[in-house]
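Taken together, the values in this text are just the output of simple stated rules run on the coordinates, not laboratory data. What you see is a predicted model, and the numbers here were worked out from it, not measured in a lab. Cβ placement follows ideal geometry from the backbone for every residue including glycine, while neighbour counts extend to all protein chains displayed.
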Amino acid sequence: MAREQDDILRRGIGMTSQRTRERLIQRLYEEGISNAKVLEVIRRTPRHLFVDEALAHRAYEDTALPIGNNQTISQPYMVARMSELLLEAGPLDKVMEIGTGSGYQTAVLSQLVERVFSVERIKVLQDRAKERLVELNLRNVVFRWGDGWEGWPALAPYNGIIVTAVATDVPQALLDQLAPGGRLVIPVGSGEVQQLMLIIREEQGFSRRVLGAVRFVPLLNGPLA
Ligand code: SAH
């Protein structure tokens, strides 16, 4: 890692004690996150830089937190779990993310895969996320302001797609944009009834695995300035 990047990633340590951060990693491990690379990336990614300063002291709790515009930064366990599911069958080069939000999941992914293509419908959130990733010198990410229901067809196909908001149905466009063997991790449902799903494009058709109940904000329609 470049020294400059290393310095920035370490900068948070004074703010929120290293012990608090270690406790989070320990907790994720105890809750079943077993991918060592995922745990290591979460350990070194300064989550407090992705929330409002007033909430920075809670950044290493295993909980979702508000980021404005009625949205939340995902719970670290969920970020870890979804990343682990994406990577379960081996390394990935092209990954599309729907729902950039704070950019935290984006930052984690960008350290685990070759390239990230991240789509967000709310312009102000996207702009802030972009700035944070530049500041952290995470350069292998490109952003699109648009509607995640449509994915990002121009750059398809993707080896992995991760959706960080709950969809009422699996968007057809996302299935269409999966490469052969590609993996889609997506919460499906509405309100209180939501399931995390892993969908894989097989030689013929798709396989689906239901991974349990989750809680996400909804995948809405259309971009918002
Ligand atoms: N992974 C993000 C989670 C943000 S919450 C984080 O950890 O910060 C979900 C995000 O999905 C919100 O930013 C919301 O604006 C976005 N979103 C909702 N519907 C969308 C859509 N149709 N297209 C793109 N982004 C969408």
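Give the distance, in whole Å, between the Cα centre of region 178-225 and the Cα centre of region 155-171. The distance from the Cα centre of region 178-225 to that of region 155-171 comes to 6 Å.
When Leu184, Leu224 are sorted by how many other C-beta atoms sit within 10 angstrom of their C-beta, beginning with the fewest, the order is Leu224, Leu184. Among the helices of the chain, none built from whole DSSP H runs has Cα atoms reaching 24 Å or more along its own axis together with a mean Kyte-Doolittle hydropathy of at least -0.5. For the chain, the calculated P(r), taken from all Cα-Cα distances in 5 Å bins from zero up to the bin holding the longest distance, is 1, 7, 16, 20, 22, 17, 10, 5, 1, 0, 0 percent.
Which ordering of Asp52, Asp147, Asp93 is given by a fewest-first count of other beta-carbon atoms within 10 Å?
Ascending number of Cβ neighbours within 10 Å: Asp93, Asp52, Asp147.
Bridge orientation summary for the chain: considering DSSP beta bridges with both residues in this region, about 45 percent are antiparallel. Remark: His48, His57 ranked as His57, His48, counting other beta-carbon atoms within 10 Å and listing the fewest first. Take every Cα pair under 8 Å whose residues are at least 6 apart in sequence, average their separation, divide by the length of the chain, and the relative contact order is 15 percent. Between Gln204 and Ala173, the modelled label-to-label distance comes to 3.0 nm, taking each label 7 Å out from Cα in the direction of the beta carbon.
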